[in-house]
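Asks: Have a look at the structure that comes next, please.
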Amino acid sequence: KGQNYMSFCRLDIDIHKNIPHVHLHEKRDNKDRWHGAEIQVIIEGNWTTYRSKILHYTRQMAVITPYAQFLFKFISDTS
C-alpha cells in the first residue's frame, strides 16, 4: 500500500563541502498510490573534459543498484 502523498524535493549539492541546498520540499497528492523512488540528476559543465568521469560514475551506480533502471540523456545547450 502506498501513501496518499508523495514527497518531492528539489536541491543542489555543494560538491566541495558535500552539503545539500534544499530549494523545494513538499508533499504532493498520490491518488494512484505510487511507491518507489525517482531521481533526476542534471550535471552541468564541460562534457569534453569530464565525460569519462561521469560515465564511470554512472556505471558504478548501475553495479551497486542492479534493481534500478537508468536512462541517460545528453542535452546540449549549443544548437
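A short reminder: the numbers here are calculations on the coordinates, not readings from a lab. Nothing here was measured: the structure is a model prediction, and the numbers come from that model. Ideal geometry is used to build each Cβ from the backbone, glycine not excepted, and the neighbour counts take in all protein chains shown.
Asks: Quickly estimate the mean residue ellipticity at 222 nm for the chain, helices only: each DSSP H run with n ≥ 4 gives -39500 (n - 2.57), and the total goes over all residues, rounded to 500.
Replies: Values: 1 runs with 18 residues, N = 79.
Helix contribution divided over all residues of the chain: -7500 deg cm²/dmol.
Asks: Tilt of helix 47-64 relative to the longest C-alpha principal axis of the chain, in degrees (0 to 90, nearest 10)?
Replies: Long axis of 47-64 versus the principal axis of the chain: about 40 degrees.
Asks: To continue, here is another question. Roughly how many debye, to the nearest 20, is the charge dipole of the chain about its Cα centre, given +1 on each Lys and Arg Cβ, -1 on each Asp and Glu Cβ, and no other charges? Present the calculation step by step, with values, prior to reporting the outcome.
Replies: Values: 11 positive and 8 negative charges, 53 e Å.
Here the size comes out at about 260 debye.
Asks: Another question about this same structure. So what is Rg over Rh here for the range 5-64, counting just Cα atoms and using Kirkwood for Rh? The partial results should precede the final answer.
Replies: Values: Rg = 15.2 Å, Rh = 14.3 Å.
Radius of gyration over Kirkwood radius for the range 5-64 works out to 1.06.
Asks: Taking R0 as 25 Å, what's the FRET efficiency between N46 and Y67 from their Cβ-Cβ distance, rounded to 0.05? It would help to have the intermediate numbers written out before the result.
Replies: Working: r = 32 Å, r/R0 = 1.29.
My answer for the efficiency is 0.20.
Asks: So what's the gap between the Cα centers of the range 2-46 and the range 48-78, to the nearest angstrom?
Replies: 18 Å
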